[in-house]
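This report concerns only the one structure given below.
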Amino acid sequence: MERIKADPDLRHIPVIIVSSVEEMDSVARCIEMGATDHLPKPFEPVLLHARINASLATKRLHEQQELSHKQMEEYSRQLESRVLEQTKQLRESYESLRRTQEETVFALSSLVEIRDPYTAGHQKHVSQLACAIASEMGLPENQIEGIRVAGILHDIGKVCVPAEILSKPGRISEIEFAVISTHPQVGYDILKTVEFPWPIAQIVFQHHEKLDGTGYPIGASSDKILLEAKILSVADVVEAIAYHRPYRPALGTATAMEEVSKKSGVHFQPEAVAACMAVFQEKDFVFE
Ligand SMILES: [Fe+2]
């Protein structure tokens, strides 16, 4: 028994002890070491045969259980590696899609800026400031990401405004203003079929709306304007005043904030104005 149980190749073989009554101590030791059965001498051959069959049946059952346990383990290992592989592929295709989306957004954005060098960089600046305001207001990451994309694209509708009007020095006429003010609608029409995970077309459509309903294109009132559009409109106006425009020199961020603050609660959402103020005064925000 000692030798059988010490050998890894033999230790699973069932052992039946056949012994005389005087050898009981030795039988007890064998059973402690793992003997499966004991038959005292003299024995009936038919009984030994039955015990052998029973031991073999138990052994086969154990072997089967062990085999199916191993198969299950192997199966779950394969499953795990397949899930890992597919997750990796999914992540890669998501990353590639995200890159494509980002490149498309910038390509679209550059369409309008190529034609209007005076406002080159405007959309990127507005996007950057709007994100800083949104972050200051404690908005969730995903919503800030939507604001970032909407900011980069917010003036895309200006592709339909003649370049002479966009870069005209001095005051613009009423008709020229009417042409310019179509750009939120045009932007909406360009973007409405693109399936962004954020309401980009709607934000772009509303970026010139004002809280008191005096904005354009539809004069929507405060409760109908998306928070993202309210934030974007503050960033848009601050950037426009702070920077050089064809019809006047750059006025700087302090003047810009002063102007926007005067209209806080009338044109602009007070929380967004306050956050914008904090971004400049406490966070030392500078346009890239
Ligand atoms: Fe605009």
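The values are calculated or read from the model by the stated rules, or taken from the named source; none is laboratory data. Predicted model, so just to flag it, every value in this text is computed and none were measured. Glycine gets a Cβ as well: all are built from the backbone with ideal geometry, and neighbour counts include every protein chain shown. Areas reflect the complete protein model, heavy atoms only, side chains present, ligands, DNA and RNA absent. Shrake-Rupley method; radii C 1.70, N 1.55, O 1.52, S 1.80 Å.
On a straight-distance basis, which aspartates and glutamates could pair with K41 in a cross-link, Cα separation under 19 angstrom, same-chain partners fewer than 8 positions away excluded?
Within the straight-line cut-off, K41 pairs with E22, E23, D25.
Which whole-Hz couplings ³J(HN,Hα) result when phi for each residue of the range 70-77 is put into the Karplus expression 6.51 cos²θ - 1.76 cosθ + 1.60, θ = phi - 60°, listed in order with x for Gly and Pro?
5, 4, 4, 4, 4, 4, 6, 5
Aspartates and glutamates within cross-link reach of K70: Cα-Cα under 19 Å, excluding same-chain residues under 8 positions apart?
Output for K70: D9, E80.
Between R91 and D25, what is the label-point separation in nm under the 7 Å Cα-to-beta-carbon projection?
About 6.6 nm separates the two model spin labels.
Hey, can you find the accessible area per residue of the chain for me, probe 1.4 Å, expressed in square angstrom?
Value for the chain: 60 Å² per residue.
Which aspartates and glutamates, if any, have their Cα less than 16 Å from the Cα of K210, not counting same-chain residues under 8 positions apart?
Once the sequence-local aspartates and glutamates are set aside, what remains near K210 is D223, E228, D236, E259, E271.
Roughly how far apart, in whole Å, are the Cα centres of the range 90-153 and the range 8-52?
Between the Cα centres of the range 90-153 and the range 8-52 lies a distance of 81 Å.
Quick one: which residues, 5 or more positions from L39 or on another chain, have an amide H under 5 Å from its amide H? H modelled 1.01 Å from N in the peptide plane, none for Pro or chain starts.
Answer set, sorted by chain and number: I17, V18, S19.
Would you work out which of S127, V186, P162 lies farthest towards the positive end of the dipole of the range 117-191, given +1 charges on the beta-carbon of Lys and Arg and -1 on that of Asp and Glu, about the Cα centre?
P162
Return the FRET efficiency for the residue pair L10, S68: r is the Cβ-Cβ distance, R0 is 25 Å, and the value is rounded to the nearest 0.05. All intermediate terms of the calculation are to be shown ahead of the outcome.
Working: r = 23 Å, r/R0 = 0.94.
According to the calculation, E is roughly 0.60.
Just to verify a number: what accessible area does V46 come out at with the full protein assembly present, 1.4 Å probe, Å² rounded to tens?
V46 has an accessible surface of roughly 110 Å² with all protein chains in place.
Would you mind working out the magnitude of the charge dipole of the range 2-82 relative to its Cα centre, with +1 at each Lys and Arg C-beta and -1 at each Asp and Glu C-beta, to the nearest 20 Debye?
I would put it at about 240 debye.
Per DSSP H run of at least 4 residues, take -39500 (n - 2.57); add these up for the chain, divide by its residues and hand me the 222 nm value, nearest 500 deg cm²/dmol.
Details: 12 runs with 180 residues, N = 288.
Helix-only estimate at 222 nm: -20500 deg cm²/dmol.
Name the residue farthest towards the positive end of the dipole of the range 2-82 from the options L79, A28, I4, assuming +1 on Cβ of Lys and Arg, -1 on Cβ of Asp and Glu, about the Cα centre.
With unit charges placed on the Cβ atoms, the residue in question is L79.
Starting from the Cα of E80, move 7 Å in the Cα-to-Cβ direction to define the label point; list residues of the range 58-72 whose amide nitrogen is under 16 Å from there.
Flagged as within label range: 69-72.
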